[in-house]
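J.: Following this message is one structure expressed as structure tokens.
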């Protein structure tokens, strides 16, 4: 109490308008500052992602131009080496380079200044003009090829700078970071090394003698660089898949994994041919024709990979920006509403106090007439204190005269208070019992799953201890029984790496999250029954949702229900998956309770076109005790239940009805006492986006 004494002292000496004004200012000013900070942070994140997209827009035509320059060098190389068929290709690729230059120049005019790369682009154009001048005037082969390479390196440098200036290199998310790393660093370097190797092989094929340094580069230098970049690229893509698959909008692996695999296979085929080559003195033994074909395939695969990764990165950035925009809108929408509600409640509280004061004053006037007497003790200087003084004055004046009346009235009030409190406790007991029943099942299997994870963690700790012991023994030079220790660590590690172990842990975590979500949904449904929270529509398989729900409800239905499935493949609909799973869970658990001690449940899914448009039809039929006609008309009403106290809240089917209605579908029920009940759900395959 001493801790709050200053606050109490202050409040007792302020009038109610001043009290509420002070509290409102203390609350609203920090809240406004917090909202401003939150929105500022979201705006900065949106601007950061938008600039990354600007860089992405520049990189796309720049990479096309980079690849065109590679082709241009390739055809020029063939032409200089005497390939008579190369002239036409050389002229065509020259035209492609000009087209690519024009596209990059158009993009540069729009966003070059923003990325601070305009001067770099001008330098590239200058080098391109210089290269064409050299080609027209002719010259030494090596100098011409060196000019090609210098131009390509300048384009590559521009590509790096675009990534740096557009925030891509600073990307905070692992999946988009490794895509950026591949687009800016790995894939362009691979294309360069593949094309360099291809040109060297083409020189051999056209009877040009390579220098010793070029032979070493062809056999060892470029293959080493390609192998290193390929390994790094594939590791980065694997991290990208794992991180991206953990997100609601996971899609990267499905879009680019096949292209990454193809690029890796073509590069390894190219490397396998170079690995078969050898250098004996000045003589190079090399399968040139096959190597040229393999390098051409690898170059095409890498270019396809670059464009696919560029598209996936842009999609990730769009998703991130959209998420930040949604958060910003949510803050802008909910915070003002919250503040308005708080202000509304404060004003309401103030008006209620004023009304109480008026009521007390009215009672005081009645006391003067001798109705009763009661003394009020208020250590305050506000309006209530003034009423209390008047109240006590009247009470003392009437106490002698109204003693018997006071005793009787006091006894009646005490009895009334006890009755009210008893009724409140009974109602509270019913609600707590109902909520406890609904929460108990998911809470139980979450607890079990945590215990399972604890046992798995014990295994991992044990393995880590063995590893540290083995490491310390090696560091200290103690090699006694080294082989058995290694075998023990390897065997334990192998057990933990098997797919079933990993999948089991993953399944435990997923089920636990679903259980916790179920508890949260129950609380939100009880709190906001008339307004179900909106979520994002998703395209899902209803069969999978039913199967998942059956797993969650396993503890409630085991030994009670034998479930029979009759599913139609491809039951794909657009919906709120978590909401529909809640409907399935309500129907399944109700069936289990209706079939006590044991019974059967038949679940079927199919498509129906009889209404003019295709819909999904789901049926849940049990062999339980059934529902009477009288109760059948009321089962979807809020708080209606035929179960004993503590076994049902009366909200399950009413919430299910509202969820199906939200999906623009319908739910109906038919039942016969003693034979069972069947629920039929009809859902449209697509939801309106309005």
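The values are calculated or read from the model by the stated rules, or taken from the named source; none is laboratory data. Small disclaimer: the values here were computed from a predicted structure and weren't measured. Cβ placement follows ideal geometry from the backbone for every residue including glycine, while neighbour counts extend to all protein chains displayed.
J.: In the stretch 265-287, what residues are surrounded by 15 or more Cβ atoms within 10 Å (Cβ to Cβ), in contact with a helix residue (DSSP H, G or I) (Cβ under 6 Å, 6 or more places away or on another chain) and within 21 Å of residue 298 (Cβ to Cβ)?
T.: 266, 267, 269, 270, 271, 273, 274, 277, 284
Quick grid of which residues meet (1) under 30 Å from residue 156 (Cα atoms); (2) out of contact with any helix residue (DSSP H, G or I) (no Cβ under 9 Å at 6 or more places or on another chain); (3) modelled with pLDDT of 80 or more; (4) assigned to a helix (DSSP H, G or I):
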position: 30; (1), (2), (3), (4): no, yes, yes, yes
position: 39; (1), (2), (3), (4): no, no, yes, yes
position: 71; (1), (2), (3), (4): yes, no, yes, yes
position: 76; (1), (2), (3), (4): yes, no, yes, yes
position: 91; (1), (2), (3), (4): yes, no, yes, yes
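J.: Does residue 189 count as within 20 Å of residue 264 (Cβ to Cβ) and surrounded by fewer than 21 Cβ atoms within 10 Å (Cβ to Cβ)?
T.: Values: within 20 Å of residue 264 (Cβ to Cβ): yes; surrounded by fewer than 21 Cβ atoms within 10 Å (Cβ to Cβ): yes.
For residue 189, the condition - within 20 Å of residue 264 (Cβ to Cβ) and surrounded by fewer than 21 Cβ atoms within 10 Å (Cβ to Cβ) - is met.
J.: Consider residue 613 carefully, then state whether it is touching a residue at least 12 places away in the same chain (Cβ under 8 Å) and more than 36 Å from the chain's Cα centre (by Cα).
T.: Criteria not met by residue 613.
J.: Right, here's the next one. Could you go through the stretch 215-226 and let me know if any residue there is touching a residue at least 60 places away in the same chain (Cβ under 8 Å) and surrounded by fewer than 19 Cβ atoms within 10 Å (Cβ to Cβ).
T.: Yes, there is a match, as at least one residue in the stretch 215-226 is touching a residue at least 60 places away in the same chain (Cβ under 8 Å) and surrounded by fewer than 19 Cβ atoms within 10 Å (Cβ to Cβ).
J.: Same structure, new question: Failed condition for residue 137, given (1) surrounded by fewer than 23 Cβ atoms within 10 Å (Cβ to Cβ); (2) touching a residue at least 24 places away in the same chain (Cβ under 8 Å); (3) farther than 23 Å from residue 305 by Cα, with all others met?
T.: Every listed condition holds for residue 137 apart from (2).
J.: From the list 119, 125, which residue is in contact with a helix residue (DSSP H, G or I) (Cβ under 8 Å, 6 or more places away or on another chain) and assigned to a helix (DSSP H, G or I)?
T.: Of the residues listed, the single one that is in contact with a helix residue (DSSP H, G or I) (Cβ under 8 Å, 6 or more places away or on another chain) and assigned to a helix (DSSP H, G or I) is 125.
J.: Can you tell which of 599, 624 is in contact with a helix residue (DSSP H, G or I) (Cβ under 7 Å, 6 or more places away or on another chain), more than 16 Å from residue 681 (Cβ to Cβ) and either crowded, with 18+ Cβ neighbours inside 10 Å or in the same structural domain as residue 556 (by TED's automatic domain parsing) (or both)? Steps first, answer last, please.
T.: Working: 599 fails: in contact with a helix residue (DSSP H, G or I) (Cβ under 7 Å, 6 or more places away or on another chain).
From the options 599, 624, the qualifying one is 624.
J.: Among the residues of the stretch 185-214, write down those that are farther than 30 Å from residue 308 by Cα and in contact (Cβ under 8 Å) with a residue 24 or more places away in the chain.
T.: Once the filter is applied, which keeps residues that are farther than 30 Å from residue 308 by Cα and in contact (Cβ under 8 Å) with a residue 24 or more places away in the chain, the stretch 185-214 yields 203, 204, 205, 206, 207, 208, 210, 212.
Results for (1) modelled with pLDDT under 90; (2) more than 44 Å from the chain's Cα centre (by Cα), shown as yes or no for each residue.
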site	(1), (2)
100	no, no
117	no, no
127	no, yes
132	yes, yes
140	yes, yes
161	no, no
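J.: Suppose we keep only residues that are within 19 Å of the chain's Cα centre (by Cα) and part of a strand (DSSP E or B) within the stretch 570-585. Which one would you say is surrounded by the most Cβ atoms within 10 Å (Cβ to Cβ)?
T.: Restricting to residues being within 19 Å of the chain's Cα centre (by Cα) and part of a strand (DSSP E or B), the top hit is 575.
For (1) exposed (fewer than 14 other Cβ atoms within 10 Å of the Cβ); (2) farther than 18 Å from residue 68 by Cα; (3) assigned by TED's automatic domain parsing to the domain that holds residue 72; (4) out of contact with any strand residue (DSSP E or B) (no Cβ under 8 Å at 6 or more places or on another chain), each residue gets a yes or a no:
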{"residue": "107", "(1), (2), (3), (4)": "no, no, yes, yes"}
{"residue": "116", "(1), (2), (3), (4)": "yes, yes, yes, yes"}
{"residue": "161", "(1), (2), (3), (4)": "no, yes, yes, yes"}
{"residue": "172", "(1), (2), (3), (4)": "yes, yes, yes, yes"}
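J.: Considering each of 591, 616 in turn, give the residue that is surrounded by 18 or more Cβ atoms within 10 Å (Cβ to Cβ), part of a helix (DSSP H, G or I) and touching a strand residue (DSSP E or B) at 6+ places or on another chain (Cβ under 9 Å).
T.: 591
J.: Taking residue 51 as the residue in question, decide whether it is outside the structural domain of residue 343 (by TED's automatic domain parsing), touching a helix residue (DSSP H, G or I) at 6+ places or on another chain (Cβ under 9 Å), at pLDDT 80 or above and surrounded by fewer than 21 Cβ atoms within 10 Å (Cβ to Cβ).
T.: Taking the combined requirement at face value, the residue satisfies it.
J.: Additional query: Does residue 321 satisfy the condition of being part of a helix (DSSP H, G or I), outside the structural domain of residue 180 (by TED's automatic domain parsing) and in contact (Cβ under 8 Å) with a residue 40 or more places away in the chain? Let's see the steps before the verdict.
T.: Working: part of a helix (DSSP H, G or I): yes; outside the structural domain of residue 180 (by TED's automatic domain parsing): no; in contact (Cβ under 8 Å) with a residue 40 or more places away in the chain: yes.
Against the criterion (part of a helix (DSSP H, G or I), outside the structural domain of residue 180 (by TED's automatic domain parsing) and in contact (Cβ under 8 Å) with a residue 40 or more places away in the chain), residue 321 does not qualify.
J.: Additional query: Test each condition in (1) assigned to a strand (DSSP E or B); (2) out of contact with any strand residue (DSSP E or B) (no Cβ under 7 Å at 6 or more places or on another chain) for residue 565 and report the one that comes out false.
T.: (2)
J.: So which residues in the stretch 1-28 are exposed (fewer than 11 other Cβ atoms within 10 Å of the Cβ) and not in a helix (DSSP H, G or I), if there are any at all?
T.: 1
J.: Could you check, for the stretch 516-526, whether at least one of its residues is on the phi < 0 side of the Ramachandran plot, at pLDDT 80 or above and either touching a strand residue (DSSP E or B) at 6+ places or on another chain (Cβ under 7 Å) or assigned by TED's automatic domain parsing to the domain that holds residue 330 (or both)?
T.: The answer is no, given that none of the residues of the stretch 516-526 is on the phi < 0 side of the Ramachandran plot, at pLDDT 80 or above and either touching a strand residue (DSSP E or B) at 6+ places or on another chain (Cβ under 7 Å) or assigned by TED's automatic domain parsing to the domain that holds residue 330 (or both).
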